[in-house]
Amino acid sequence: MKNLIAFFIFLPVIFTFDVQSNLREVLILLLSGIIGISLGDSFYITSLRALGTRRTLAVEALSPIIATILGSALLQEMLSLKVWLGIIIASISLIGVAIQKTEVHSFVRPNVTKAQGFIFAFLSILCAVTAATLSRYVLTNSDLNPFQTTEIRLLGGIIALIPFAKKYLIKSVILLPFREKSRIFYATLLGTNIGILLQQNVFKLLPIGLGWTLLSTSPAIAIFFARAEGEDLNWKTVALTIMVIIGLGISFI
């Protein structure tokens, strides 16, 4: 539902470029949307349900290292030893921040073992990073801008999810109270439209390893909202967050 809403919000963008002259890039971005949005998010949700938030975020903290390896292998983005050191420090610190989180339960657990949950968590990372690498390739080798690549990726995500959509999906949303509809809209606008748009700008401007390291700092950024969610902060979480910032600083200095 969020993908549909996000696609229609940016719909005018689809008419700002010629599909035929950019067919190769469009196909790559559709594949990026299928891999990153459809498969990646599905694996991620399955992992969350099987492992809970803490363990899933701990596995996800390895993604900057995987992104840097893929960037080197597929895009020939060779980073210096100093950048690698910063990324490793940030990744290890992010694992620590994730482990410190107190929310470890989930309300729905599918018939998936913990071992399978870790596999799904790793697959979600692999899908997300692969999709990001494809996006960066297009953004650095074509005239398509982040707005256009965002819309094409959303379309790819929708195409892959349509066969699995329930018949009563739209009816269920229509029956929601206005307040809940508003929450879905704002969550989509902020998290999907603006979120993916900013993400695409990062992929255009930075090597995939550095860009993904920045995008992976959400567990550290989340501590600023911890008190609003009723979660107490301890000195370990604060110290690890500082280490994340130090790691990023080493990478960019």
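Listing for the model above:
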item: Inter-probe distance in nm under a simple model that places probes 7 Å from Cα toward Cβ, at A73 and V238; result: 4.1 nm
item: Listed residue (Q200, A98, I35) projecting farthest to the positive dipole end of the chain, Cβ model; result: A98
item: The chain - mean residue ellipticity at 222 nm from DSSP helices (-39,500 (n - 2.57) per run, n ≥ 4, rounded to 500); result: -21000 deg cm²/dmol
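Rule-based calculations on the coordinates, nothing more; no lab input. Values in this document were obtained by computation on a predicted structure and should not be read as measured data. For neighbour counting, all protein chains shown are included, and Cβ atoms are generated from backbone atoms with ideal geometry for every residue, glycine included.
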